[in-house]
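Chemist: Got a structure for you, questions after.
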């Protein structure tokens, strides 16, 4: 999926994150931080690679990354560990205003993890897939349904939006 698709899914993931934290009775600041973090987390596996344009000998440019594409930044195990940590470290919502910074930080971490997991879910239908066991292994989970940039990706975006709307309506 391309950047625009991941960002569109990121907005839906922000809604899902907000609905979850609202259901748990968190305030507007943790919910807002979680929404912003979910949006940025939805593109994080790509920008964490620290990519840049590199000029080739023929004068054309190609994408180069410090971290190879779809390796450690797309590793499912790391993102699952991160979201489990974020869920279990999320403090109980408290009217005690001295805990607002800690609560907001953990809510943002949860939103970022939700965004990252959403990014991986969007990349699984692609033939390249995402690494599961080891970040550099050749075995990757892939459904091989469509290539990045194909028009059918918008079915996936629509599915995320439907889940987002449903999650807000349920609570």
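Rule-based calculations on the coordinates, nothing more; no lab input. Keep in mind that what you see is a predicted model, and the values were worked out from it rather than measured. Don't worry about glycine lacking a Cβ; one is built from the backbone with ideal geometry, like all the others, and counts go over all protein chains shown.
Chemist: Of 30, 68, 45, which has the largest mean-square fluctuation in a 10 Å C-alpha GNM of the chain?
Modeler: Comparing 30, 68, 45 in a Gaussian network model of the chain, the most mobile one is 68.
Chemist: Counting only helical runs of four or more DSSP H residues, what would the 222 nm mean residue ellipticity of the chain come to if each run contributes -39,500 (n - 2.57) and the total is spread over all its residues?
Modeler: Here the helix-only value at 222 nm equals -18500 deg cm²/dmol.
Chemist: Further question on the same structure: For segment 3-170, compute Rh as the Kirkwood radius over C-alpha pairs and then the Stokes-Einstein diffusion coefficient at 25 °C and 0.890 mPa s; write the answer in µm²/s, rounded to an integer.
Modeler: This corresponds to a translational diffusion coefficient of 145 µm²/s.
Chemist: Related question: Label residue 50 and residue 64 with points 7 Å out from Cα along Cα→Cβ: what is the distance between them in nm?
Modeler: Result: 1.4 nm between the two label points.
Chemist: Using a Gaussian network model on the chain with a 10 Å cutoff between Cα atoms, which of 16, 152, 117 fluctuates the most?
Modeler: 152
Chemist: Taking R0 as 25 Å, what FRET efficiency do you get between residue 89 and residue 3 from their Cβ-Cβ distance, rounded to the nearest 0.05?
Modeler: Taking R0 as 25 Å, the efficiency between residue 89 and residue 3 is 0.25.
Chemist: Just order 125-136, 56-67, 140-151 by mean Cβ neighbour count inside 10 Å, highest at the front, would you?
Modeler: Listed from highest to lowest mean packing, they are 125-136, 140-151, 56-67.
Chemist: Only Cα pairs within less than 10 Å get springs; with that Gaussian network setup on the chain, which residue of 119, 25, 69 has the largest fluctuation?
Modeler: Taking springs between Cα atoms under 10 Å, the residue moving most is 25.
Chemist: Sticking with this one: What percent do you get for the relative contact order of segment 3-170 when only Cα pairs under 8 Å and 6+ apart count?
Modeler: 31 percent
Chemist: Can you pull the one-decimal nm distance between simple spin-label points at residue 28 and residue 105, each 7 Å off the Cα toward Cβ?
Modeler: So the two model labels end up 2.4 nm from each other.
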